[in-house]
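Before any comments, here is the structure.
The values are calculated or read from the model by the stated rules, or taken from the named source; none is laboratory data. Values in this document were obtained by computation on a predicted structure and should not be read as measured data. Using ideal geometry, Cβ is built from the backbone for each residue, glycine included, and neighbour counts are taken over all protein chains shown. Surface accessibility is based on the protein's heavy atoms, side chains included, excluding ligands, DNA and RNA. Shrake-Rupley method; radii C 1.70, N 1.55, O 1.52, S 1.80 Å.
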Amino acid sequence: MATAANLSSPAPTSHHHQHFLLTHQPPTAAALCKTSFKPLKCHLKPLSSAFSRNPSSPVTFPLSPSPERPKLPTFIARSGVPDSGFDDKPREECGVVGIFGDPEASRLCYLALHALQHRGQEGAGIVSVESKVLHSITGVGLVSEVFTPSKLDQLPGSAAIGHVRYSTAGASMLKNVQPFVAGYKFGSVGVAHNGNLVNYKTLRSELEEHGSIFNTSSDTEVVLHLIAVSKARPFFVRIIEACEKLKGAYSMVFCTEDKLVAVRDPHGFRPLVMGRRSNGAYVFASETCALDLIEATYVREVNPGEVVVVDKDGEHNLCLMPHPQPKQCIFEHIYFALPNSVVFGKSVYESRSKYGEILATESPVECDVVIPVPDSGVVAALGYAEKIGVPFQLGLIRSHYVGRTFIEPNQTIRDFGVKLKLAPVRGVLEGKRVVVVDDSIVRGTTSSKIVRLIREAGAKEVHMRIASPPIIASCYYGVDTPSSEELISNRMTVEEIRDFIGSDSLAFLSFDSLKKNLGRDSPNYCYACFSGDYPVKPSEVKVKRVGDFLDDGLNGSIESIDGGWVTAWNTQKEEVGNII
């Protein structure tokens, strides 16, 4: 098998800075192929202008109150999907890990994926490299279900990449479990991807027109095809050339026969950090909690638009893609990341605690106890309770042993899905005025069930506090959110939502306060789910329409997975087609 061309080491560069500016326009990948490689700086470009609010679907609803606006129960009735209320949350679609230079690479990768299990629970995979051969094992299920000691023995080598994936459901997802491995003219390459490409359909169509055959429905496979058809040498330039054609969110790790490559999209939507182990091994991961578990020291973030190549000669830092101002996903700090992680240079725990404090200042209420919706509301509830000087209690106990499917009782039991996951503590709630703190409300179905559970446990009053602004628009950058028409805050006012969920009061963290808390870093975050203003135009989308499978964690047929995507509209309101 042919080996990739060796990458010459660049001159020393101050790559430990968190932000670096470029003094000139970066060359194209084609130009790089003809010139000797030298480290470059990045050129900042202004953001493209924002476009129409909520362009996710031709069926949208006004944000202002309107008596003609349809009520949410109408949607639920026509969705055709039984609602369990099990998990009404946005879902981060995956997490990635890359390790180079450690003889226990695959086992360390396995442990790091455990730390990232919250980013994807339905599929996992590892690719290792030994003697210029790529070994791959992928499977459906949790990391601990996919990998056993005997399987890890089949993944030798000192380099490995790994991936955990969230999908909808069903056996058809196995082919989409990453990392993907492919052979091309000069060898083999594996890739693990966190994010979502908004021009996936166009790229795939162009590649198919030239004879490419796709084995999966994942947008990540497009990246492999772009690398394969590239004529650039050496390999890292193929990655650069491929990334020049991508639009959207991507934090990716690649492994070849002799290199590990990490790359982050020009906007830096999804996180990607770099660390070092005491033996000198390099580690890349979606969150710092993965570094902590395998005793790797955090070094820095992979910068937006940066490509980091690691081989036997060490680390080579390239910034060959022009990039605008960073647009990091604010929901990483609100919900996705673990509280013990540092994401985008900030402590997730401190962020959530502060959001709770701000919420208590903006929306106080007379109460006897503050409780969280576990686990994602715990830190914000602690901040809320401390600010108002009211006891923090665990009024809801979460079961960690509820799978994605279970046998439903023959007798109808109201809210059994929520009751399996959350059990109210009567001794904490009975006769009390209760503040319930959660991180977000998506469809509102779970929140209404939680309020009812608390009331049935004897609470005198139930006040709901949400430590994020209302979600009014879908995400296209690697988060599985419903279409805008399904988002309750896009259909109802706060008072209408309060009435729907049945609480005595309801308040969200204000959008302005969220941005104010971020200070001068505020422009570096993406708030599209709260504002409908998208840094990268979503001309093609992968958001499920009403009537398709709802990611409630319990229901949905295999047939509902494929097809059924909503139509996107551009700024001129011209139809651009459906994702298949």
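Table for the structure above
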read-out: Flag if residue 520 is surrounded by fewer than 18 Cβ atoms within 10 Å (Cβ to Cβ), closer than 20 Å to residue 326 by Cα and out of contact with any Phe, Trp or Tyr (no Cβ under 6 Å at 6 or more places or on another chain); value: yes
read-out: Residue match in the range 325-333 (condition: under 24 Å from residue 115 (Cα atoms) and in contact with a Leu (Cβ under 7 Å, 6 or more places away or on another chain)); value: no
read-out: Filter result (within 25 Å of residue 119 (Cβ to Cβ), out of contact with any Pro (no Cβ under 7 Å at 6 or more places or on another chain) and among the hydroxyl-bearing types (Ser, Thr, Tyr)) within the range 224-254; value: 250
read-out: Subset of the range 286-310 (residues that are touching a Leu at 6+ places or on another chain (Cβ under 8 Å), in a strand (DSSP E or B) and either without any contact (Cβ under 8 Å) to a residue 12 or more places away in the chain or open to solvent by 10 Å² or more (accessible area, probe 1.4 Å) (or both)); value: 297, 298, 301
read-out: Qualifying residues in the range 300-316 (those that are touching a helix residue (DSSP H, G or I) at 6+ places or on another chain (Cβ under 9 Å) and among the hydrophobic types (A, V, I, L, M, F, W, C)) - the one farthest from residue 220 (Cα to Cα); value: 309
read-out: Scope the range 268-285; condition aliphatic (A, V, I, L, M), crowded, with 24+ Cβ neighbours inside 10 Å and not in a strand (DSSP E or B); matching residues; value: 272
read-out: Pair list, Cβ < 7 Å and 6+ apart or interchain, from the range 448-460 residues that are within 19 Å of residue 367 (Cβ to Cβ) and open to solvent by 80 Å² or more (accessible area, probe 1.4 Å) to residues that are among the hydrophobic types (A, V, I, L, M, F, W, C) and not in a loop (DSSP other than H, G, I, E, B); value: 455/462
read-out: Odd one out for residue 348 among (1) within 23 Å of residue 455 (Cα to Cα); (2) touching a Ser or Thr at 6+ places or on another chain (Cβ under 6 Å); value: (1)
read-out: Subset of the range 467-508 (residues that are closer than 25 Å to residue 361 by Cβ and of a type in the set (Lys, Arg)); value: 498
read-out: Any hit, the range 571-579, residues being open to solvent by less than 50 Å² (accessible area, probe 1.4 Å) and at pLDDT 50 or above; value: no
read-out: Output for the range 337-352, where each listed residue is open to solvent by less than 20 Å² (accessible area, probe 1.4 Å), hydroxyl-bearing (Ser, Thr, Tyr) and outside any loop (DSSP other than H, G, I, E, B); value: 351
read-out: Top-ranked residue in the range 102-152 [being in a loop (DSSP other than H, G, I, E, B) and touching a Phe, Trp or Tyr at 6+ places or on another chain (Cβ under 7 Å); ranked as farthest from residue 194 (Cα to Cα)]; value: 147
read-out: Looking only at the range 174-189, and only at residues there that are hydrophobic (A, V, I, L, M, F, W, C) and over 14 Å from residue 138 (Cβ atoms), the one that is surrounded by the most Cβ atoms within 10 Å (Cβ to Cβ); value: 189
read-out: Selection count where residues are modelled with pLDDT of 85 or more, of a type outside the set (Lys, Arg), part of a helix (DSSP H, G or I) and more than 22 Å from residue 309 (Cβ to Cβ), scope the range 185-234; value: 8
read-out: Given (1) in a loop (DSSP other than H, G, I, E, B); (2) within 27 Å of residue 399 (Cα to Cα), index of the condition residue 448 fails; value: (1)
read-out: Residue 431 touching a strand residue (DSSP E or B) at 6+ places or on another chain (Cβ under 8 Å) and either of a type outside the set (Lys, Arg) or part of a strand (DSSP E or B) (or both); value: no
read-out: Filter result (more than 24 Å from residue 354 (Cα to Cα) and either open to solvent by 10 Å² or more (accessible area, probe 1.4 Å) or of a type in the set (Gly, Ala, Ser) (or both)) within the range 523-543; value: 532, 533, 535, 536, 537, 539, 540, 542
read-out: Lone unmet requirement of (1) open to solvent by 30 Å² or more (accessible area, probe 1.4 Å); (2) modelled with pLDDT under 95 for residue 168; value: (1)
read-out: Extreme residue, surrounded by the most Cβ atoms within 10 Å (Cβ to Cβ), among residues of the range 205-230 that are touching a residue at least 24 places away in the same chain (Cβ under 8 Å) and farther than 20 Å from residue 194 by Cβ; value: 230
